[in-house]
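Asks: Handing you a structure now.
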Amino acid sequence: IWRDDSLNEYEEDYDDGTVQPFHEYQLLLNYCFSHPRSSLLLYPYSPVVNYINHDGKEPNAFIRWSGRKYHKSEWLDRTVEDIINNEAHPGLILEFVAARDIDAGEEIFINYGEGWEEAWNKYVKDWESDPNDENYIPLSTLNEYPTVLTSKEQEDNPYPEEVFITCYIDFESVVEHSKDSNYPHKWIETEDLFYFLSNAHPCEILSRDALGSYTVKFKTGFVVHDLPRKAIEFINHKYTSDQFIRNSFRHEMEIPDEIFPEKWMDK
(Lines give C-alpha, C1' and ligand atoms only; values in the text may rest on other atoms or scores of the structure.)
Protein backbone atom coordinates (compact mmCIF):
# COMPACT_ATOMS: atom_id res chain seq x y z
CA ILE A 1 0.00 0.00 0.00
CA TRP A 2 1.07 3.62 -0.48
CA ARG A 3 2.69 5.24 2.53
CA ASP A 4 1.49 8.72 1.59
CA ASP A 5 -2.28 8.30 1.64
CA SER A 6 -3.50 4.78 2.46
CA LEU A 7 -3.17 5.19 6.23
CA ASN A 8 -3.81 8.91 6.50
CA GLU A 9 -6.18 10.03 9.22
CA TYR A 10 -7.98 13.35 8.98
CA GLU A 11 -9.60 15.49 11.63
CA GLU A 12 -13.01 15.47 9.96
CA ASP A 13 -14.79 14.75 6.68
CA TYR A 14 -17.43 17.22 5.52
CA ASP A 15 -20.66 16.58 3.63
CA ASP A 16 -19.44 18.62 0.65
CA GLY A 17 -16.55 16.22 0.15
CA THR A 18 -13.83 18.46 1.61
CA VAL A 19 -11.66 17.41 4.53
CA GLN A 20 -9.52 19.09 7.12
CA PRO A 21 -5.76 18.73 6.59
CA PHE A 22 -3.92 15.50 7.26
CA HIS A 23 -3.51 14.94 10.99
CA GLU A 24 -1.56 11.71 11.48
CA TYR A 25 -1.22 8.10 10.39
CA GLN A 26 -3.45 5.33 11.66
CA LEU A 27 -2.07 2.99 14.33
CA LEU A 28 -2.06 0.27 11.70
CA LEU A 29 1.25 1.81 10.60
CA ASN A 30 2.90 0.19 13.63
CA TYR A 31 2.33 -3.25 12.09
CA CYS A 32 3.68 -2.40 8.64
CA PHE A 33 7.16 -2.91 7.20
CA SER A 34 8.91 -0.39 5.00
CA HIS A 35 12.15 1.54 4.47
CA PRO A 36 12.95 5.24 5.08
CA ARG A 37 13.65 5.71 1.36
CA SER A 38 10.49 4.01 0.09
CA SER A 39 6.83 4.97 -0.34
CA LEU A 40 5.79 1.30 -0.14
CA LEU A 41 4.23 -0.10 3.03
CA LEU A 42 3.96 -3.85 3.47
CA TYR A 43 1.12 -4.90 5.76
CA PRO A 44 1.45 -8.46 7.16
CA TYR A 45 -1.83 -10.33 7.45
CA SER A 46 -0.32 -13.04 9.65
CA PRO A 47 -0.87 -12.52 13.41
CA VAL A 48 2.75 -13.46 14.20
CA VAL A 49 4.01 -9.90 13.77
CA ASN A 50 1.76 -8.71 16.60
CA TYR A 51 3.74 -10.68 19.17
CA ILE A 52 7.35 -9.90 18.24
CA ASN A 53 8.84 -6.85 19.96
CA HIS A 54 11.91 -4.71 19.31
CA ASP A 55 15.46 -5.18 20.57
CA GLY A 56 18.03 -2.93 18.93
CA LYS A 57 21.02 -4.44 20.75
CA GLU A 58 20.72 -8.21 20.93
CA PRO A 59 17.72 -9.46 18.95
CA ASN A 60 17.41 -13.23 18.87
CA ALA A 61 15.67 -13.29 15.47
CA PHE A 62 15.69 -11.49 12.13
CA ILE A 63 13.59 -11.20 8.98
CA ARG A 64 14.42 -12.40 5.48
CA TRP A 65 12.61 -12.99 2.20
CA SER A 66 11.19 -16.47 1.98
CA GLY A 67 12.46 -19.11 -0.41
CA ARG A 68 9.07 -20.83 -0.59
CA LYS A 69 7.26 -21.23 -3.88
CA TYR A 70 4.41 -18.92 -2.81
CA HIS A 71 6.82 -16.00 -2.40
CA LYS A 72 6.88 -14.06 -5.67
CA SER A 73 10.55 -13.05 -5.69
CA GLU A 74 10.15 -11.37 -9.08
CA TRP A 75 8.28 -8.56 -7.31
CA LEU A 76 11.59 -7.50 -5.78
CA ASP A 77 12.69 -6.36 -9.26
CA ARG A 78 9.56 -4.32 -9.95
CA THR A 79 8.85 -0.68 -9.08
CA VAL A 80 6.53 0.37 -6.27
CA GLU A 81 4.07 1.94 -8.72
CA ASP A 82 3.99 -1.20 -10.85
CA ILE A 83 3.23 -3.45 -7.88
CA ILE A 84 0.53 -1.26 -6.33
CA ASN A 85 -1.23 -0.52 -9.61
CA ASN A 86 -1.23 -4.08 -10.94
CA GLU A 87 -1.38 -6.45 -7.97
CA ALA A 88 -4.61 -6.93 -6.02
CA HIS A 89 -3.50 -9.91 -3.91
CA PRO A 90 -0.57 -10.64 -1.55
CA GLY A 91 2.53 -12.11 -3.13
CA LEU A 92 5.44 -11.52 -0.76
CA ILE A 93 6.51 -13.59 2.25
CA LEU A 94 8.81 -12.44 5.05
CA GLU A 95 10.14 -15.10 7.38
CA PHE A 96 11.12 -14.69 11.02
CA VAL A 97 14.33 -16.65 11.57
CA ALA A 98 16.08 -17.47 14.85
CA ALA A 99 19.52 -15.86 15.07
CA ARG A 100 20.51 -18.36 17.77
CA ASP A 101 19.00 -21.14 19.84
CA ILE A 102 15.94 -19.81 21.65
CA ASP A 103 14.83 -21.40 24.90
CA ALA A 104 11.24 -22.48 25.51
CA GLY A 105 9.34 -19.57 27.03
CA GLU A 106 11.94 -17.01 25.93
CA GLU A 107 10.53 -13.92 24.23
CA ILE A 108 11.36 -13.42 20.56
CA PHE A 109 12.76 -10.07 19.42
CA ILE A 110 13.76 -8.54 16.10
CA ASN A 111 15.41 -5.19 15.35
CA TYR A 112 12.81 -2.70 14.08
CA GLY A 113 15.57 -0.47 12.72
CA GLU A 114 17.49 2.65 13.73
CA GLY A 115 14.81 5.00 12.40
CA TRP A 116 12.14 3.27 14.49
CA GLU A 117 14.28 3.40 17.64
CA GLU A 118 15.12 7.08 17.17
CA ALA A 119 11.44 7.89 16.66
CA TRP A 120 10.46 5.88 19.75
CA ASN A 121 13.08 7.54 21.97
CA LYS A 122 11.94 10.98 20.80
CA TYR A 123 8.31 10.04 21.43
CA VAL A 124 9.08 8.91 24.99
CA LYS A 125 11.15 12.04 25.66
CA ASP A 126 8.51 14.46 24.35
CA TRP A 127 5.41 12.61 25.54
CA GLU A 128 2.87 14.52 27.61
CA SER A 129 -0.36 13.16 29.01
CA ASP A 130 -3.64 14.32 27.59
CA PRO A 131 -5.87 16.01 30.23
CA ASN A 132 -8.77 13.96 28.84
CA ASP A 133 -6.97 10.74 29.81
CA GLU A 134 -7.40 11.25 33.57
CA ASN A 135 -10.64 9.28 33.67
CA TYR A 136 -9.70 6.84 30.93
CA ILE A 137 -10.68 3.21 31.51
CA PRO A 138 -9.72 0.60 28.89
CA LEU A 139 -12.65 -1.14 27.26
CA SER A 140 -11.24 -4.51 28.29
CA THR A 141 -11.28 -3.42 31.94
CA LEU A 142 -14.91 -2.29 31.77
CA ASN A 143 -15.91 -5.62 30.28
CA GLU A 144 -14.19 -7.46 33.13
CA TYR A 145 -16.19 -5.66 35.82
CA PRO A 146 -18.41 -8.28 37.53
CA THR A 147 -21.25 -5.77 37.96
CA VAL A 148 -22.79 -3.26 35.56
CA LEU A 149 -24.36 -0.14 37.04
CA THR A 150 -28.02 0.61 36.50
CA SER A 151 -29.08 3.84 34.81
CA LYS A 152 -29.90 5.31 38.22
CA GLU A 153 -26.46 4.36 39.62
CA GLN A 154 -24.78 5.85 36.56
CA GLU A 155 -26.17 9.28 37.44
CA ASP A 156 -23.62 9.49 40.28
CA ASN A 157 -20.97 7.24 38.69
CA PRO A 158 -21.13 7.65 34.92
CA TYR A 159 -19.17 5.46 32.56
CA PRO A 160 -16.70 7.11 30.13
CA GLU A 161 -18.36 9.13 27.37
CA GLU A 162 -16.65 7.10 24.66
CA VAL A 163 -18.49 3.86 25.51
CA PHE A 164 -22.05 2.60 25.44
CA ILE A 165 -23.70 -0.56 26.76
CA THR A 166 -24.98 -3.35 24.56
CA CYS A 167 -26.87 -6.53 25.38
CA TYR A 168 -26.72 -9.79 23.43
CA ILE A 169 -30.18 -11.02 22.56
CA ASP A 170 -32.13 -12.98 19.98
CA PHE A 171 -35.38 -11.01 19.91
CA GLU A 172 -37.34 -13.58 17.91
CA SER A 173 -36.47 -16.41 20.29
CA VAL A 174 -37.34 -14.36 23.36
CA VAL A 175 -40.75 -13.42 21.93
CA GLU A 176 -41.45 -16.98 20.80
CA HIS A 177 -40.43 -18.39 24.19
CA SER A 178 -42.67 -15.88 25.96
CA LYS A 179 -45.77 -17.33 24.27
CA ASP A 180 -45.44 -20.51 26.33
CA SER A 181 -44.32 -18.86 29.55
CA ASN A 182 -45.97 -17.08 32.44
CA TYR A 183 -42.88 -14.88 32.69
CA PRO A 184 -42.88 -12.61 29.61
CA HIS A 185 -39.70 -11.60 27.80
CA LYS A 186 -37.27 -13.68 29.81
CA TRP A 187 -33.76 -13.76 28.30
CA ILE A 188 -32.67 -17.06 26.79
CA GLU A 189 -29.35 -18.10 25.32
CA THR A 190 -29.52 -19.36 21.76
CA GLU A 191 -26.91 -21.10 19.66
CA ASP A 192 -24.13 -18.79 18.41
CA LEU A 193 -25.68 -15.82 20.23
CA PHE A 194 -22.29 -14.47 21.32
CA TYR A 195 -20.60 -15.32 18.05
CA PHE A 196 -22.06 -12.43 16.08
CA LEU A 197 -21.65 -8.80 17.14
CA SER A 198 -24.88 -8.08 15.25
CA ASN A 199 -26.69 -9.73 18.19
CA ALA A 200 -25.42 -6.98 20.51
CA HIS A 201 -27.92 -4.12 20.70
CA PRO A 202 -27.71 -0.84 22.66
CA CYS A 203 -29.60 -1.22 25.91
CA GLU A 204 -30.38 0.53 29.17
CA ILE A 205 -29.82 -1.24 32.51
CA LEU A 206 -33.04 -0.80 34.48
CA SER A 207 -32.33 -2.99 37.49
CA ARG A 208 -30.12 -5.71 38.95
CA ASP A 209 -31.27 -8.37 41.39
CA ALA A 210 -29.41 -10.07 44.24
CA LEU A 211 -28.39 -12.97 41.99
CA GLY A 212 -26.73 -10.67 39.45
CA SER A 213 -29.42 -10.86 36.78
CA TYR A 214 -30.48 -7.72 34.96
CA THR A 215 -33.64 -6.20 33.56
CA VAL A 216 -32.84 -4.12 30.50
CA LYS A 217 -34.66 -1.95 28.00
CA PHE A 218 -33.80 -1.61 24.33
CA LYS A 219 -34.26 1.46 22.13
CA THR A 220 -37.53 0.07 20.81
CA GLY A 221 -38.92 0.01 24.36
CA PHE A 222 -38.65 -3.79 24.48
CA VAL A 223 -37.91 -4.91 28.07
CA VAL A 224 -36.14 -8.20 28.85
CA HIS A 225 -35.66 -9.85 32.24
CA ASP A 226 -33.09 -12.23 33.72
CA LEU A 227 -30.23 -11.08 31.49
CA PRO A 228 -26.89 -12.48 32.82
CA ARG A 229 -23.76 -10.36 33.15
CA LYS A 230 -22.09 -12.28 30.31
CA ALA A 231 -24.71 -10.94 27.91
CA ILE A 232 -23.76 -7.30 28.61
CA GLU A 233 -20.83 -5.74 26.79
CA PHE A 234 -19.33 -2.26 26.63
CA ILE A 235 -18.51 -1.02 23.13
CA ASN A 236 -16.74 2.11 21.94
CA HIS A 237 -18.56 4.82 20.07
CA LYS A 238 -17.34 5.33 16.53
CA TYR A 239 -13.78 6.71 16.31
CA THR A 240 -13.16 6.57 20.06
CA SER A 241 -11.32 3.23 20.42
CA ASP A 242 -7.61 3.04 21.33
CA GLN A 243 -6.54 3.05 17.69
CA PHE A 244 -7.76 6.64 17.41
CA ILE A 245 -5.87 8.01 20.43
CA ARG A 246 -4.24 11.16 19.11
CA ASN A 247 -0.92 11.03 20.94
CA SER A 248 -0.11 7.35 20.38
CA PHE A 249 3.20 6.31 18.82
CA ARG A 250 3.08 5.60 15.08
CA HIS A 251 5.99 4.27 13.07
CA GLU A 252 6.53 1.37 10.69
CA MET A 253 9.12 -1.36 11.24
CA GLU A 254 12.11 -1.04 8.94
CA ILE A 255 13.33 -3.69 6.53
CA PRO A 256 17.17 -3.82 6.61
CA ASP A 257 19.09 -2.16 3.77
CA GLU A 258 20.76 -5.41 2.77
CA ILE A 259 17.50 -7.08 1.76
CA PHE A 260 15.42 -4.09 0.68
CA PRO A 261 15.11 -3.90 -3.14
CA GLU A 262 16.77 -0.93 -4.82
CA LYS A 263 13.84 -0.46 -7.18
CA TRP A 264 11.59 0.17 -4.20
CA MET A 265 13.73 3.11 -3.02
CA ASP A 266 11.72 5.85 -4.69
CA LYS A 267 12.11 8.67 -2.16
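Asks: Does L76 count as open to solvent by less than 60 Å² (accessible area, probe 1.4 Å) and part of a loop (DSSP other than H, G, I, E, B)?
Replies: Criteria not met by L76.
Asks: T166 - would you say it is polar (S, T, N, Q) and touching a residue at least 24 places away in the same chain (Cβ under 8 Å)?
Replies: Yes, satisfied.
Asks: Right, here's the next one. Taking region 140-153 only, how many residues are free of Cβ contacts under 8 Å to residues at least 12 places away in the same chain and either closer than 14 Å to S207 by Cβ or touching a Pro at 6+ places or on another chain (Cβ under 9 Å) (or both)? Write out each step before concluding.
Replies: If we filter region 140-153 for residues that are free of Cβ contacts under 8 Å to residues at least 12 places away in the same chain, which is where we start, we get 140-141, 144-145, 152-153.
If we keep only those that are either closer than 14 Å to S207 by Cβ or touching a Pro at 6+ places or on another chain (Cβ under 9 Å) (or both) as well, we get 152-153.
The total comes to 2.
Here is a yes/no grid of residues against (1) surrounded by 10 or more Cβ atoms within 10 Å (Cβ to Cβ); (2) outside any loop (DSSP other than H, G, I, E, B); (3) touching a strand residue (DSSP E or B) at 6+ places or on another chain (Cβ under 9 Å):
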{"site": "Y112", "(1), (2), (3)": "yes, no, yes"}
{"site": "W116", "(1), (2), (3)": "yes, yes, yes"}
{"site": "K122", "(1), (2), (3)": "yes, yes, no"}
{"site": "K125", "(1), (2), (3)": "no, yes, no"}
{"site": "I137", "(1), (2), (3)": "yes, no, yes"}
{"site": "L149", "(1), (2), (3)": "yes, no, yes"}
{"site": "K152", "(1), (2), (3)": "yes, yes, yes"}
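Asks: Looking only at region 88-104, count every residue that is assigned to a loop (DSSP other than H, G, I, E, B) and within 26 Å of the chain's Cα centre (by Cα) and tell me the total. Before the answer, list the steps.
Replies: From region 88-104, those assigned to a loop (DSSP other than H, G, I, E, B) are 88-93, 99-104; that's our starting set.
Right, trim to within 26 Å of the chain's Cα centre (by Cα) and you get 88-93.
Count: 6.
Asks: How about region 190-209: which of its residues are open to solvent by 40 Å² or more (accessible area, probe 1.4 Å) and free of Cβ contacts under 8 Å to residues at least 40 places away in the same chain?
Replies: Matches in region 190-209: E191, D192, F194, Y195, F196, L197, S198, H201, P202, D209.
Asks: Give region 2-49 a look and list any residue that's modelled with pLDDT of 75 or more and open to solvent by 70 Å² or more (accessible area, probe 1.4 Å), or say none.
Replies: The answer is W2, Y31, P36, R37, Y43, Y45.
Table: residues versus (1) of a type in the set (A, V, I, L, M, F, W, C); (2) assigned to a loop (DSSP other than H, G, I, E, B); (3) surrounded by 13 or more Cβ atoms within 10 Å (Cβ to Cβ).
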site	(1), (2), (3)
L211	yes, yes, no
T215	no, no, yes
T220	no, yes, no
H225	no, no, yes
K230	no, no, no
F249	yes, yes, yes
K263	no, no, yes
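Asks: Looking at D170 and the list (1) buried (at least 17 other Cβ atoms within 10 Å of the Cβ); (2) within 30 Å of P59 (Cα to Cα), which single condition is not satisfied?
Replies: The single condition D170 does not satisfy is (2).
Asks: Name, by its number, the condition in (1) touching a helix residue (DSSP H, G or I) at 6+ places or on another chain (Cβ under 7 Å); (2) free of Cβ contacts under 8 Å to residues at least 12 places away in the same chain that does not hold for V175.
Replies: If we test V175 against (1) touching a helix residue (DSSP H, G or I) at 6+ places or on another chain (Cβ under 7 Å); (2) free of Cβ contacts under 8 Å to residues at least 12 places away in the same chain, just (1) comes out false.
Asks: Just to be sure before I move on: is K152 at pLDDT 95 or above and closer than 24 Å to N30 by Cβ in the structure I sent?
Replies: no
Asks: So, E161, is that one of a type in the set (D, E, K, R), open to solvent by 80 Å² or more (accessible area, probe 1.4 Å) and in a helix (DSSP H, G or I) or not? So that I can check it myself, show each step before the final result.
Replies: Working: of a type in the set (D, E, K, R): yes; open to solvent by 80 Å² or more (accessible area, probe 1.4 Å): yes; in a helix (DSSP H, G or I): no.
So E161 fails the test.
The values are calculated or read from the model by the stated rules, or taken from the named source; none is laboratory data. This structure is a prediction, so every number in the text was calculated from the model and none was measured. Every residue, glycine among them, receives a Cβ derived from its backbone with ideal geometry; neighbour counts consider all protein chains shown. In case anyone asks, the SASA skips ligands and DNA or RNA and just uses the protein heavy atoms, side chains included. Shrake-Rupley method; radii C 1.70, N 1.55, O 1.52, S 1.80 Å.
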